[in-house]
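Below you'll find the structure, written out as structure tokens, and then a few comments.
The values are calculated or read from the model by the stated rules, or taken from the named source; none is laboratory data. Remember, predicted model here, so these are calculated numbers, not experimental data. Note: ideal-geometry Cβ built from the backbone for every residue, glycine included; neighbour counts use all protein chains shown. These area figures cover heavy atoms from the full protein model, side chains too; ligands, DNA and RNA do not enter into them. Shrake-Rupley method; radii C 1.70, N 1.55, O 1.52, S 1.80 Å.
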Amino acid sequence: MTVSHDVLLVGGGGAGLRAAIAIAEANPRLRVAVVSKVYPMRSHTVSAEGGAAGAIAADDSLDEHAYDTVSGSDWLCDQDAVEAFVDEAPRELLQLEHWGCPWSREPDGHVAVRAFGGMKKMRTWFAADKTGFHMLHTLFQTSLKYDEVVRYDEWFVTKLLVDDGRVHGVVAVDLMTGRVETITAKAVILCTGGCGKVFPFTTNASISTGDGMALAYRAGAPLKDMEFVQYHPTGLPFTGILITEAARAEGGWMLNKDGYRYLQDYDLGTPSPTPVLRSMELGPRDRLSQAFVHEVEKGRVTDSPWGPIVHLDLRHLGQQLIDTKLPFVRELCLKYENIDPVTELIPVRPVVHYMMGGVHTDIDGATPIGGLYAAGEVACVSINGANRLGSNSLPECLVFGARAGRAAAEYAATAGDPPAAIEAQAADEVRRLERDLLHKTDGHEQVSVIREEMQQTVEDSAGIFRTGEALAKGVDTLRELQQRFGHVAVADTSRTFNTELVAALELENMLDVAECIVQSGLWREESRGAHQRTDFPARDDERYLAHSLIHRNPDESSRLDSLPVTITRWPPGERTYGK
């Protein structure tokens, strides 16, 4: 069965819904569809806690936001994209206000802003500590007023249909019935989020399996800067659940096993109007995570059943402030750790949080494949470079979701109908799903076993600190795991909500993404931002002031090349954070 739309969005989170609204506003005649493997309000955007950056304070400016982003990225971002981003972010956040997002307010009625890591000014809008939840609700409710937006909830896209360098739709599985359908479209926008589940310990939801990255990669679009993986310094040790940076923005302290605020020993303190010993907790995430490793090496951490930990101390903030500005932090601690941050220390450790890399796009979200766009964490514009500043990701979804939506609407308005050739591609994909997964006769490998080995391999080879030897070993192991995946058996052949089939499809995607991460890390022989090579400890602008691009070859091997970084106003400088 085949259904047709003008523009198809894969992913129903913040970027996807913002893009859908932008398309409906730009051209109401276009038929728009949102395909999501979960109900939109279960998209991972809902988990974002701390806030969204946009310069509105009287003592702030667009240039300052731009410079903080550029320097925080270790000069690997594209500065034209950053300038567009900081200019449009406040307007997008104000638009959400008009649509009903309940931003927290100052007593005089102005939108409240808080400090965030790596930013010299207070510019992070917030809705208590459930910012993503309220943003996603606002976008979802706004999308409902557009009749031209059709949703396919709980559908899993398995293939992009590409012919003669242009995308023409997707093949997707309706998870409720198991039916496999072709959905044609004149333009497709990938908004599937990140790939944290490639690692064993992550703040990401279980749905963050790099689906959009793998779809684009297999279709012929390169992935950019995949070596840059952000660890967040404060995850709960057992679950990986995020304790938001807002907890430190409100004055929380990081303590080692001796009760010492160890960050004062490192070059981390972001210049700030706040007192020095408070600002050091708001250093960039990459450097705070690296400082944790150094504390482990010094033996100044506490052992736990889930590895070494330090503590986050909020006790001095008092119950009133915690209940007013950090209620979700208290709720998470009570429910998942059985501790009360009003009176007890919170155990934390670094945890994989965000991918700076993703599908290579231009400033309007366009990939090198005609009609294919990407926005949000799945994409790499790049505004994040080697390290994303906290609170830039939510406005990134809004700004580039809207940009991609408008660009896709313009493209679809003049694009022709899909060629007959894609029907053969779709039929091949149906046969592959049946033959290689659902009814495989010689399968003997288990999804869970390969997944666990993949996660440990990526952690061991591409963690906070890396070496060429470990990365090369990781590449070899991942290639072996990809071969073993060819012998995976899906024991459940039922059609209704076949979670084993979904797990197999997700693992196939994660294996491709994992190889891209490790291969790209092996290529970059320098240390920059979140990519720290102990065998190449210095930043090397002469050789590596460039984006990595990894392509999939027809024989399923990969190749790497590079793309110059766009410098507009801020030449590379030393990335320092004075105490």
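Can you say whether residue 491 is open to solvent by 10 Å² or more (accessible area, probe 1.4 Å), within 21 Å of residue 173 (Cβ to Cβ) and modelled with pLDDT under 95, as far as the supplied structure shows? Against the criterion (open to solvent by 10 Å² or more (accessible area, probe 1.4 Å), within 21 Å of residue 173 (Cβ to Cβ) and modelled with pLDDT under 95), residue 491 qualifies. Starting from residues that are small (Gly, Ala, Ser) and closer than 15 Å to residue 11 by Cβ, keep the ones in the stretch 118-171 and report whichever is surrounded by the most Cβ atoms within 10 Å (Cβ to Cβ). Taking the candidates together, the pick is 132. Can you go through 247, 221, 187 and tell me which one is open to solvent by less than 10 Å² (accessible area, probe 1.4 Å), modelled with pLDDT under 95 and not β-branched (Val, Ile, Thr)? Just a single option satisfies the conditions, and that option is 247. Kindly establish whether residue 181 is surrounded by fewer than 24 Cβ atoms within 10 Å (Cβ to Cβ), within 22 Å of residue 373 (Cα to Cα) and either of a type in the set (A, V, I, L, M) or touching a residue at least 40 places away in the same chain (Cβ under 8 Å) (or both). For residue 181, the condition - surrounded by fewer than 24 Cβ atoms within 10 Å (Cβ to Cβ), within 22 Å of residue 373 (Cα to Cα) and either of a type in the set (A, V, I, L, M) or touching a residue at least 40 places away in the same chain (Cβ under 8 Å) (or both) - is met. Any residue in the stretch 468-481 that is over 13 Å from residue 519 (Cα atoms) and of a type outside the set (Lys, Arg)? Scanning the stretch 468-481 turns up at least one residue that is over 13 Å from residue 519 (Cα atoms) and of a type outside the set (Lys, Arg).
Considering 342, 359, the condition of being part of a strand (DSSP E or B), at pLDDT 95 or above and either exposed (fewer than 14 other Cβ atoms within 10 Å of the Cβ) or among the aliphatic types (A, V, I, L, M) (or both) is satisfied by 359 alone.
Here residue 574 qualifies as open to solvent by 10 Å² or more (accessible area, probe 1.4 Å) and without any contact (Cβ under 8 Å) to a residue 12 or more places away in the chain. Of all residues in the stretch 491-510, those satisfying the criterion of being over 26 Å from residue 226 (Cα atoms) and in contact (Cβ under 8 Å) with a residue 12 or more places away in the chain are 493, 494, 495, 496, 497, 498, 500, 501.
Residues that are free of Cβ contacts under 8 Å to residues at least 40 places away in the same chain and open to solvent by 20 Å² or more (accessible area, probe 1.4 Å) within the stretch 62-89 comprise 62, 63, 87, listed in sequence order. Taking first residues from the stretch 222-245 that are at positive phi and partners that are of a type in the set (A, V, I, L, M) and open to solvent by 10 Å² or more (accessible area, probe 1.4 Å), the Cβ contacts under 9 Å between residues at least 6 apart in sequence or on separate chains come to 225/549. One residue alone among 488, 518, 513, 475 is in contact (Cβ under 8 Å) with a residue 12 or more places away in the chain, more than 25 Å from residue 224 (Cα to Cα) and among the β-branched types (Val, Ile, Thr), and that residue is 488. For the stretch 190-197, the criterion of being among the β-branched types (Val, Ile, Thr), buried (at least 20 other Cβ atoms within 10 Å of the Cβ), in a strand (DSSP E or B) and modelled with pLDDT of 95 or more is satisfied by no residue at all.
Take the stretch 362-414 and flag every residue that is part of a strand (DSSP E or B) and either open to solvent by less than 10 Å² (accessible area, probe 1.4 Å) or more than 23 Å from residue 7 (Cβ to Cβ) (or both). Result: 372, 374, 379, 380. Based on what the data block shows, is residue 511 modelled with pLDDT of 95 or more and closer than 21 Å to residue 471 by Cβ? For residue 511, the condition - modelled with pLDDT of 95 or more and closer than 21 Å to residue 471 by Cβ - is met.
The set of residues in the stretch 306-321 that are touching a residue at least 40 places away in the same chain (Cβ under 8 Å) and either surrounded by fewer than 14 Cβ atoms within 10 Å (Cβ to Cβ) or closer than 25 Å to residue 118 by Cβ (or both) comprises 307, 308, 309, 310, 311, 312, 313, 314, 316, 317, 321.
Please go through the stretch 266-303 and give me each residue that is of a type in the set (S, T, N, Q) and either modelled with pLDDT under 95 or open to solvent by less than 10 Å² (accessible area, probe 1.4 Å) (or both), ordered by number. Residues satisfying the conditions are 270, 272, 274, 279, 289, 290. In the stretch 499-524, the qualifying residues are those that are of a type in the set (Gly, Ala, Ser) and touching a helix residue (DSSP H, G or I) at 6+ places or on another chain (Cβ under 8 Å), and the one that is surrounded by the most Cβ atoms within 10 Å (Cβ to Cβ) is 514. Considering the stretch 41-153, the qualifying helices (runs of 4 or more DSSP H), each wholly inside and each with 3 or more residues that are touching a Cys at 6+ places or on another chain (Cβ under 8 Å) and under 26 Å from residue 26 (Cα atoms), run over 131-143. Of all the numbered requirements in (1) touching a strand residue (DSSP E or B) at 6+ places or on another chain (Cβ under 9 Å); (2) more than 14 Å from residue 386 (Cα to Cα); (3) in contact (Cβ under 8 Å) with a residue 40 or more places away in the chain, residue 559 misses one, and that requirement is (3).
Looking at the structure I just gave you, is residue 42 open to solvent by 10 Å² or more (accessible area, probe 1.4 Å), more than 19 Å from the chain's Cα centre (by Cα) and in contact (Cβ under 8 Å) with a residue 24 or more places away in the chain? For residue 42, the condition - open to solvent by 10 Å² or more (accessible area, probe 1.4 Å), more than 19 Å from the chain's Cα centre (by Cα) and in contact (Cβ under 8 Å) with a residue 24 or more places away in the chain - is not met.
The set of residues from the stretch 525-543 being out of contact with any strand residue (DSSP E or B) (no Cβ under 6 Å at 6 or more places or on another chain) and open to solvent by less than 20 Å² (accessible area, probe 1.4 Å) comprises 528, 529, 531. Applying the set (1) open to solvent by less than 10 Å² (accessible area, probe 1.4 Å); (2) in contact with a Pro (Cβ under 8 Å, 6 or more places away or on another chain) to residue 56 leaves exactly one unmet item: (1). Considering 476, 436, which residue is closer than 30 Å to residue 495 by Cα and either in contact with a Gly (Cβ under 6 Å, 6 or more places away or on another chain) or not small (Gly, Ala, Ser) (or both)? The conditions single out 436.
When 263, 312 are screened for being of a type outside the set (Lys, Arg), at pLDDT 95 or above and not in a loop (DSSP other than H, G, I, E, B), only 312 passes.
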